[in-house]
Each structure stands twice: as structure tokens, then as C-alpha cells.
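Where a number appears in this text, it was derived from the coordinates with a stated rule and is not lab data. As the structure is a prediction and not an experimental result, all values here were calculated from the model. Cβ: placed from backbone, ideal geometry, glycine included. Neighbour counts: every protein chain shown.
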Amino acid sequence: MKAPYEYAIIRAVPRVERGELINVGVVLYSHRLDFLAARTHLHEPRLLALDPNADLDSIRAALNSWEITCAGGTDSGAARQMKQGERFRWMVAPRSTILQAGPVHMGLAENPAAELDRLVELLVR
């Protein structure tokens, strides 16, 4: 049986003042299926075309933190105290940082992990 989910594309905006971006991941949340996860993929040549001085190591670390936050964060982090829905809303809230979430979209899926993989392949890779 299909259940509703919400997702947002994770975008890298290496020079926020220019507004240029590339898609670097997807975060997907399904309350009904008790699922929250992010999958990321950094295409370094595309990012460097936007900003040849981009700090790739820092961006990779920040992308990893999205995946960790979805899993509940670190033992001492704020995400550990939040429910999945709260973590999702926190992650997709508008911000002016190098990594930003796009608009939230809805869908239906039986297997949210497989749907997340499909969305990453379609929208990021």
C-alpha cells in the first residue's frame, strides 16, 4: 500500500550572493512509514564550474551532516531530541548557507528508501 511522503532537493549554492546552484541530494520524510533519510551525491566538476575556489572537503562534510541529522544526529546533538518530522522541517527551512533545501514536494510510495534512490538518480545524478 502506498503512503504519502514529502521530499526536498538539497542544493549547493557555493556563492550565495550569485544564487547559482547544483542539486546535490534529496531528503525524504514519510510520517506514516516512519522514514527520514537523505542521500547525497556531489558532482565536483559541476560545483567547481560555479566556484573554482569552493571548499570541497567542507561541502562533503556538510552533506554528510544532513545524512547524520536524518538518522538522529550525534549523541549530544540537538537533532537527537527531535522527532523525525521536526528534523525534516528544521532541515528544509529556508536558509542562506552553501547547502539549502529546495521547495517541499509530495508523493506516494510503498518503499520510501527505493523512492529516495529513484529521486536521487532522477534529480541529482
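How much mean residue ellipticity at 222 nm does the chain get from its helices, if each DSSP H run of length 4 or more adds -39500 (n - 2.57) and you divide by all residues, to the nearest 500 deg cm²/dmol?
Numbers: 4 runs with 43 residues, N = 125.
The per-residue figure over the chain is -10500 deg cm²/dmol.
Maximal additional length on extending the GLN81-ARG46 stretch stands at 9.0 nm, based on 0.36 nm per residue less the C-alpha distance. Build a GNM of the chain with springs between Cα atoms under 10 Å apart, and of PRO14, PRO45, PRO94 the one that fluctuates most is PRO45. Just want the answer: with Cβ charges of +1 for Lys and Arg and -1 for Asp and Glu, which residue in PRO103, TRP66, LEU123 is farthest toward the dipole's positive end in the range 3-123? With unit charges placed on the Cβ atoms, the residue in question is PRO103. Counted as membrane-span-like here are DSSP H helices of the chain whose alpha-carbon atoms extend 15 Å or more along the helix's own axis and whose Kyte-Doolittle mean is 0.5 or above; these are 112-123.
As a test of the definition: which semi-axes, in Å, follow for the chain when you take the square root of five times each eigenvalue of its alpha carbon gyration tensor? Largest first, please. Working shown, then result.
Details: eigenvalues 122, 57, 29 Å².
One finds semi-axes of 25, 17, 12 Å for the chain.
For the chain, a crude dipole built from +1 on the beta carbon of Lys and Arg and -1 on the beta carbon of Asp and Glu, taken about the Cα centre, is about 260 debye to the nearest 20.
Note on the range 1-73: the C-alpha convex hull projects to 5.6 nm² when averaged across all orientations.
Under 13 Å from a label point set 7 Å out along the Cα-to-Cβ vector of ALA114, the amide N atoms of the range 1-26 belong to 1-3.
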